[in-house]
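Asks: Shown below is the structure under consideration.
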Amino acid sequence: MLSVILLSRAEADDAAKLEFFEARIRPVLVEHCYKCHAVDAKNVRGGLLLDSKAVALDGGESGAAIVPGVPDESLLLLAMKHESYEMPPDRKLPDSIIADFEQWIRDGAADPRVGGKMVKRSAIDLKAGRNFWSFRSIRRPDVPAPKSGWAKTDIDRFVAARYETTGLSPVDDATAEQVLRRIQYGLVGLPPTTDQIATFVAAWSVDPDQAIDAIVDELLASHRFGERWGRHWLDVARFAESSGGGRSLMFPDAWRFRDYVIKSFNDDKPFDQLVREHIAGDLLPYKSDSEHDDQVTGVGYLTLGPTNYEQQDKELLRMEVIDEQIDTIGRTFLGLTIGCARCHDHKFDPIPTADYYAMAGVFRSTETLLPGNVSTYVTTSLKTNPEHKRLADWKTQEKSLQAKIAELKKQVKGQRPGVAPHIDTASLPGIVVDDSQATFEGEWVRSTSLAPYVGKGYRHDNYLKTGRRVRFQTTLPESGMYRVRMSHNYQTSRCSRLPVTVTHAEGSTTVEVDQRKTPLDGVFAELGTFPFTAGSPAVVTIDAEKSGKGVVIVDAIQFLPSTVDDVVVSPDEQHQQLELSKRLTSLEAKLNKHKKARPVTPKAMGVRDQKEPADWHIHVRGGIRNLGPLVPRGFVSAASPVDQNGDTLPFNLPQDQSGRLEMANWVASPVNPLTARVFVNRVWLHLIGEGLVRTPDNFGKMGRAPTHPELLDYLAATFVEDDAWSVKTLIRRIVVSRVFRLSSSAASGTSDADPDNELLTRGFRRRLDVESLRDSLLQISGQLDLNQVGGLTIGKVTQYDNAYDHDQFSRNIRSVYVPFFRNCMLEIFEVFDIANPNLVTGQRTSSTLPSQGLFLLNSPFMLEQSKVAAEHFLETQSVDAAALDAMIDEVFRRTLGRPPTVGELKPLQSFLVEEGVDSTDAWASVFQALFASVDFRYID
Amino acid sequence: MFTHNRRSWLQNSACGFGSLALGSMLAEQQASAASAANHSLTAKQPMLPARAKRVIFIFMQGGPSHVDSFDHKPQLINSDGKSIDFTGVRFGTFGKVSQRSLMKPLWKFRQYGACGQHVSELFPQIAKHVDDLCFLKGMHTEGVAHGPSTLFMHTGATNLVRPSFGSWLMYGLGTENQSLPGFVQLQPSDTKGGPRNYSNAFLPSVYQGTAIGRASRSIEQMTIDHIRNPQLSPEEAETRFTLMQRLNKAQVNRRPDDDSRLEAVIKSYELAWRMQTDAPAILDLSHETETTQQMYGIGADKTDAFGRQCLMARRLSESGVRFVQVNYADESPNPRWDQHSNMPKHMDHATATDKPVAGLLADLKQRGLLEDTLVWWGAEFGRTPFSQSNNGRDHNPRGFTVFLAGGGVKKGFSYGATDEIGHEAVEGKVHMHDLHATILHALGLDHEQLTYRYAGRDFRLTDIYGRVIKDVFA
């Protein structure tokens, strides 16, 4: 009986709850939520549906929306309260509605709605992903044996094999001058000199192969090589010397990374070693100090990115730096857009979000940032550096100054001007009466602003004198003569004639005190020596009303028995003391100045492992405070070794380290399918003009497939297996090939059949990059300073880059050394498409804009270079109207690396004859016209 | 002879700058293999019916106080000196609750126009136009410091490198006058994000913003870089130019192949030459009558500089420039409106900008340009209702006001609200992403469709956010 009643009561209860849902909850859901959270919504947001019970309980990407009975864990309610998300987005609902929802959830979230569709969540098939061409292992292909005799090297055989299957044939080789110009710009980024042209053309006429061998040997050994190839690498390392972002912090040590990169290419450092240094240079073993320094400078790569250090949400800042590191490593070395997996599984490539947070765990276990209002970054001290000596010298000097000061201090008695901030009453001899024990009439202001003072502070009259009097009174323990002294700190604003009256055993004496004058010992002014009787009051009164202009300072009065002679100072001694004081003050000033001139501590930008490395959570939908499950640290699974079943082998990272060293070894591993492929493609691109993979930073599904997959793998395999990752050997392989020599002037038939030149039947005509453009102008005008081969080139290091005046510090150094700031670039760099240092740039854009035309026509830089080139030319060339053609010929060789054609010669002849063959202006016009000509701006 | 050639070149280049973009297009196709869109600056048809054709953004760098200007809060006036609990948003105080003292507005409000909009004594001239304005009083945004918030306002991201609003507009709509840049920044600041605020980021570089003048330079230097030859007489310059183009023609003609990039270079020189001739006239304000100049406050001490910027903006808009940003900006770490202490200084900035902005609104209206020009007045954030350093106010990204005018928005309208003291947006909330989406919508662009594929992902200005506030459209 009882149970039946209870049951029916429960039924009634349920009915009431459903009624509550229908009356108070459903209408709100329909009106405010369904627009974005129902099956038929145009865009379902956050993967969350609220239009049936099951789906609402299941929740969206952030987890369950409703936990029946537990309002505090129900995301829906928290979002309505604006405690997690802010929903609905346009306004907070009235408190009464929120209270309804709270009650509804507490009561069990009764909900009659059935059905509903789950939003599908994708699952990445890693096994299928590994089948994509770039994730497959690199296998050394057999070299084909094409029938024609065109091929010179194995590279050519791969290319020629495709000619034969497609029926296309290659164009002729380029001319000797064209090939030389290509090699020069390709290897060192500078135009050939007229001597080099003569030598090369002569050698070419005998044997083109040997001519190329010789020049390649010469250039690969030149320091200029690293400057050129280092700059290519700085593009993908998104190098800059400031942070960019809101307040663009200068990186005063970034140049070390730049120099390290240049040196690495010049030393032909094996590329896998460079990879390890970039990712984990701080964790690698080293045999020498210089090896240590090289490695810790290399890992600066992780810190150099664009970072908005003033971002106030430091957790967000931390995750954004980590994101930048992951994404940059992905693009630089692997050609993968791993950053896409931050919020969801990668839509195209086999990179689940878990892989992203596996890598994020590695970087959360790595310290890059030092938080602050404007945060900063980790640096590492260097062991070898010329600056060490300067620092050591500086330290010696500092010690010697400090010793001198200590010695002087012993000789100087008492207090000195402006030294001690306050003097403890107890430390003084005699009887001291502090202002805190005196009687004040009128309003006085307490202060501690200026030192020195006795006791807890002093008082001043604030320039208001009327009715302001002070009385110091004490009784002295013994009768006798006492020196009476008054302390006051001195300033020019003080009163110069302050009447002070001393009442003693024989009456009273009034003396005037000049408070503008430094007291002899810096603290106490002497009022005189007077007799006092034990037990009778000893009184000193001060009357501000009778003082002259200026502030009156009242601090303390000292009664010093004249028997105390260690402070009695003779006039001579007083003088000597004053001199000593002055010397001391000047030495201290010198020390201060010295401290400010401390040589920059040699240090490199970098990272270090956190003290407590740990795995990290998946951030659901990328939200930084939206933590999902923990994932073990690791890397991109699809590009990692597998077991017999084809499952990714566990990484087994050491728990007491970040895992960065293992990450470095994984990227630099010969079995990593991506690293070698991506790098050889970059080298091919710079030498040939287009990559075998035309999207050099994207080897994923959204990138392009290789035009010559076997050639790509051949290059990657020989690079790793035969050449031990030697970049110079790889470059040589490509430059001596016949493909490198193909003319870029295509017969029209070929280009119609293969408009994008995917079969490599002709050369690619390339725009001269801005560094080569600027360096060439400077070389031709005779101004290029090739002696600057590294070091800090920022003219004035300041906190931010935005005030940097490139003009003020302009120097004719190679462009790679020009200060390179994210928010303040040298103008010519910006105008001519330099790599955006905020992004990994495997291939620069090449725009053609009128702003470039205006720069070439009117900029002071262009006008100056043209004029100086003309002057330089006329200085080194005998002016002879009869030999005008020879002069023009010389100018063409200097600028375009070839003699003029008839079509070019004629207008120049008539122009020069008209303007005067000895006119600097006329020749300046010729140089400017040549600098702006398409043959100068393009490499054929 | 040469003149003839030049003309024929120009005639042949029917789409002007458009064909110039070819060079970059070829190179950039690799970066966006899947997006075969033609990256040109030629005017394009919008996706949706457009209310506005162009935008003038008047940027009040530093963050003017909404509670002292347009957001009238009687409760704040009544609560002057009262303490409130405030949860910190900056480094060091993040998440910590402290007591802050409310400060009433320093200026008196009164109602204006038929709509009765409250405006304080700071902006008596703009106040006369309230019946043409559409106020958004429930704005909120990201970031707390100037740099992140300024970047967010321009690019929709506080830290990540993203294209500027104007670059997206160029990408979506191109521009109408091919001898002027289509996305112009007048006297931008090098600080608080600097050039990144008008950078194309990963969009093709034809879409980058062009700075005309810099905040650090005088108003007299407000011109296109290198628009004149500083050394040669016009005759000498032309002789040099002629020689250069002869050489170029000879070089292009010599080649057996037909490389459009080389033609594009020659054409870019032609256009640069034409810009030298045409642009200075458009940038020359002396063509305007004295009455017009006075309307903008030109000639008067305090308003001359900003008046010139505003008048320049009108001339550029009139000439078909798609996006003009007028910057009331400087190079200091505490930008102009950034009164952390000494709020009374707001009056100086109001005085410098009130008349010029009012003049621009009136001038656009009298010329019929306001019909299809959307004016956006605002900053990266607003200021707090409580005081800082005695008589200053701190940054407030949680609630602030901007106004729009023209371009099909409702007139004499106010949308959204902050709480009773003006601290947080509570009603009709418009996030900066929403404002971006709404302005794109006015120009006929769907913010969810205006995407660009870069590095394997389709990016958009509003990321995965943004709502079009349809209520603001008439």
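Asks: Out of the range B:439-464, which residues are in contact with a His (Cβ under 9 Å, 6 or more places away or on another chain), assigned to a loop (DSSP other than H, G, I, E, B) and more than 9 Å from every other protein chain (Cβ to nearest Cβ)?
Replies: Answer for the range B:439-464, where residues must be in contact with a His (Cβ under 9 Å, 6 or more places away or on another chain), assigned to a loop (DSSP other than H, G, I, E, B) and more than 9 Å from every other protein chain (Cβ to nearest Cβ): B:HIS447, B:LEU461, B:THR462, B:ASP463.
Asks: Among the numbered criteria (1) away from every other protein chain (no Cβ under 14 Å); (2) within 30 Å of A:GLU827 (Cα to Cα), which single criterion is violated by A:VAL735?
Replies: Just one mismatch for A:VAL735, condition (2).
Asks: Output the number of the condition that B:PRO397 fails; it satisfies all remaining conditions of (1) more than 13 Å from every other protein chain (Cβ to nearest Cβ); (2) surrounded by 20 or more Cβ atoms within 10 Å (Cβ to Cβ); (3) over 28 Å from B:MET47 (Cα atoms); (4) not basic (Lys, Arg).
Replies: (1)
Asks: Right, something else. Output the residue which, of all residues in the range A:666-695 that are within 10 Å of chain B (Cβ to nearest Cβ) and touching a Phe, Trp or Tyr at 6+ places or on another chain (Cβ under 9 Å), is surrounded by the most Cβ atoms within 10 Å (Cβ to Cβ).
Replies: If we take residues in the range A:666-695 being within 10 Å of chain B (Cβ to nearest Cβ) and touching a Phe, Trp or Tyr at 6+ places or on another chain (Cβ under 9 Å), then A:VAL693 is surrounded by the most Cβ atoms within 10 Å (Cβ to Cβ).
Asks: Of the residues A:THR901, A:THR895, only one is at the interface with another protein chain (Cβ under 8 Å from one of its Cβ atoms) and either crowded, with 21+ Cβ neighbours inside 10 Å or of a type outside the set (Asp, Glu) (or both); which?
Replies: Unique residue meeting the criteria: A:THR901.
Asks: Could you list all residues from the range A:306-347 that are more than 10 Å from chain B (Cβ to nearest Cβ), farther than 24 Å from A:SER637 by Cβ and touching a Lys or Arg at 6+ places or on another chain (Cβ under 7 Å)?
Replies: none
Asks: Okay, next question. Taking the range B:113-150 as the search range and keeping residues that are hydroxyl-bearing (Ser, Thr, Tyr) and within 21 Å of B:ILE439 (Cα to Cα), which one is farthest from the other protein chains (Cβ to nearest Cβ)?
Replies: B:THR141
Asks: Name the single residue that is surrounded by the fewest Cβ atoms within 10 Å (Cβ to Cβ) among those in the range A:931-940 being within 7 Å of chain B (Cβ to nearest Cβ) and assigned to a helix (DSSP H, G or I).
Replies: Among those that are within 7 Å of chain B (Cβ to nearest Cβ) and assigned to a helix (DSSP H, G or I), it is A:ARG937.
Asks: Hey, can you tell me all the residues within the range A:777-816 that are in contact with a strand residue (DSSP E or B) (Cβ under 9 Å, 6 or more places away or on another chain), buried (at least 19 other Cβ atoms within 10 Å of the Cβ) and hydroxyl-bearing (Ser, Thr, Tyr)?
Replies: Within the range A:777-816, A:TYR800, A:TYR804 qualify.
Asks: Also, quick follow-up: Just name the residue that is farthest from the chain's Cα centre (by Cα) out of those in the range B:426-438 that are within 21 Å of B:ASP394 (Cβ to Cβ) and at the interface with chain A (Cβ under 9 Å from one of its Cβ atoms). Give the steps one after another, and end with the answer.
Replies: Let us first name the residues in the range B:426-438 that are within 21 Å of B:ASP394 (Cβ to Cβ), namely B:426, B:429, B:431-432.
With the extra rule that they be at the interface with chain A (Cβ under 9 Å from one of its Cβ atoms), the set shrinks to B:426, B:429, B:431.
Details: B:VAL426: 27, B:LYS429: 22, B:HIS431: 17 Å.
Checking each candidate, the answer is B:VAL426.
Asks: Same structure again: Quickly run through the range A:777-829 and pick out the residues that are in contact (Cβ under 8 Å) with a residue 60 or more places away in the chain, over 25 Å from A:PRO386 (Cβ atoms) and among the charged types (D, E, K, R).
Replies: Those that are in contact (Cβ under 8 Å) with a residue 60 or more places away in the chain, over 25 Å from A:PRO386 (Cβ atoms) and among the charged types (D, E, K, R): A:ASP801, A:ARG822.
Asks: Could I ask something else about it? Might you let me know whether the range A:12-30 holds any residue that is of a type in the set (Lys, Arg), under 14 Å from A:LEU76 (Cβ atoms), part of a helix (DSSP H, G or I) and at pLDDT below 85?
Replies: The answer is no; no qualifying residue exists.
Asks: Filter the range A:266-307 down to residues that are surrounded by fewer than 24 Cβ atoms within 10 Å (Cβ to Cβ) and touching a His at 6+ places or on another chain (Cβ under 8 Å) and give me whichever is farthest from A:VAL216 (Cα to Cα).
Replies: Applying the filter and picking the extreme gives A:TYR286.
Asks: Go through (1) surrounded by fewer than 21 Cβ atoms within 10 Å (Cβ to Cβ); (2) within 12 Å of chain B (Cβ to nearest Cβ); (3) closer than 25 Å to B:LYS249 by Cβ; (4) not basic (Lys, Arg) and name the single condition A:LEU908 misses.
Replies: Every listed condition holds for A:LEU908 apart from (1).
Asks: Further question on the same structure: Hey, could you check the range B:329-347 for residues that are farther than 19 Å from B:PRO397 by Cβ and small (Gly, Ala, Ser) and say which is nearest to the other protein chains (Cβ to nearest Cβ)?
Replies: If we take residues in the range B:329-347 being farther than 19 Å from B:PRO397 by Cβ and small (Gly, Ala, Ser), then B:SER332 is nearest to the other protein chains (Cβ to nearest Cβ).
Asks: Something else now. Evaluate the following for A:GLY522: is it surrounded by fewer than 16 Cβ atoms within 10 Å (Cβ to Cβ), over 13 Å from A:VAL554 (Cα atoms) and not polar (S, T, N, Q)?
Replies: The answer is no for A:GLY522.
Asks: Looking at the structure I just gave you, is A:VAL840 at the interface with another protein chain (Cβ under 9 Å from one of its Cβ atoms) and at pLDDT 90 or above?
Replies: yes
Asks: Further question: Only one of A:SER846, A:SER851 is facing chain B (nearest Cβ under 8 Å), in a loop (DSSP other than H, G, I, E, B), of a type outside the set (Phe, Trp, Tyr) and on the phi < 0 side of the Ramachandran plot; which? Break it down into steps so the answer makes sense when it comes.
Replies: Numbers: A:SER851 fails: in a loop (DSSP other than H, G, I, E, B).
None of the other options fit; the residue is A:SER846.
Asks: State which residue is farthest from A:HIS708 (Cα to Cα) when the search covers only the range A:189-208 and only residues that are part of a loop (DSSP other than H, G, I, E, B) and in contact with an Asp or Glu (Cβ under 7 Å, 6 or more places away or on another chain).
Replies: A:LEU190
Asks: For the range A:238-287, what are the residues that are in a loop (DSSP other than H, G, I, E, B), closer than 28 Å to A:GLY659 by Cβ, away from every other protein chain (no Cβ under 14 Å) and not acidic (Asp, Glu)?
Replies: Across the range A:238-287, the qualifying residues are A:PHE239, A:PHE251, A:LYS269, A:PRO270, A:LEU284, A:PRO285, A:TYR286, A:LYS287.
Asks: Taking strands (runs of 3 or more DSSP E) that do not extend beyond the range A:583-670, which have at least 1 residues that are free of Cβ contacts under 8 Å to residues at least 24 places away in the same chain?
Replies: By residue number, A:627-631.
Asks: Out of A:GLY467, A:GLY480, A:GLY507, I need the residue that is of a type in the set (Gly, Ala, Ser) and either in contact with a Leu (Cβ under 7 Å, 6 or more places away or on another chain) or under 18 Å from A:PRO561 (Cα atoms) (or both). Which one?
Replies: Being of a type in the set (Gly, Ala, Ser) and either in contact with a Leu (Cβ under 7 Å, 6 or more places away or on another chain) or under 18 Å from A:PRO561 (Cα atoms) (or both) holds for just one of A:GLY467, A:GLY480, A:GLY507, which is A:GLY480.
Asks: Okay, moving on. Just the residues that are part of a loop (DSSP other than H, G, I, E, B) and modelled with pLDDT of 75 or more, please, taken from the range B:35-54.
Replies: Passing the criteria: B:LEU41, B:ALA43, B:LYS44, B:GLN45, B:PRO46, B:MET47, B:LEU48, B:PRO49, B:ALA50, B:ARG51, B:ALA52, B:LYS53.
Asks: How many residues does the range A:504-562 contain that are over 21 Å from A:SER436 (Cβ atoms) and not basic (Lys, Arg)? Working first, answer last.
Replies: Taking the range A:504-562 first, the residues over 21 Å from A:SER436 (Cβ atoms) are A:504-512, A:514, A:516-518, A:520-522, A:526, A:528-536, A:545-550, A:561-562.
The next check asks that each one be not basic (Lys, Arg); those that pass are A:504-512, A:514, A:518, A:520-522, A:526, A:528-536, A:545, A:547-548, A:550, A:561-562.
Adding up the residues that qualify gives 30.
Asks: Taking the criterion of being modelled with pLDDT of 95 or more, among the hydroxyl-bearing types (Ser, Thr, Tyr) and closer than 25 Å to A:PHE271 by Cβ, would at least one residue in the range A:681-700 satisfy it?
Replies: No, every residue in the range A:681-700 fails to be modelled with pLDDT of 95 or more, among the hydroxyl-bearing types (Ser, Thr, Tyr) and closer than 25 Å to A:PHE271 by Cβ.
Each row is one residue, and each column tells you yes or no for (1) among the aliphatic types (A, V, I, L, M); (2) surrounded by 22 or more Cβ atoms within 10 Å (Cβ to Cβ); (3) under 23 Å from A:ASP172 (Cα atoms); (4) away from every other protein chain (no Cβ under 14 Å).
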position	(1), (2), (3), (4)
A:THR707	no, no, yes, no
A:LEU712	yes, yes, no, yes
A:THR718	no, no, no, yes
A:ASP722	no, no, no, yes
A:PHE740	no, yes, yes, yes
A:SER744	no, no, yes, no
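The values are calculated or read from the model by the stated rules, or taken from the named source; none is laboratory data. Because the structure is a prediction, the values reported are computed rather than measured. Heads up, the Cβs are rebuilt from the backbone with ideal geometry, glycines too, and the neighbour counts pull from every protein chain shown.
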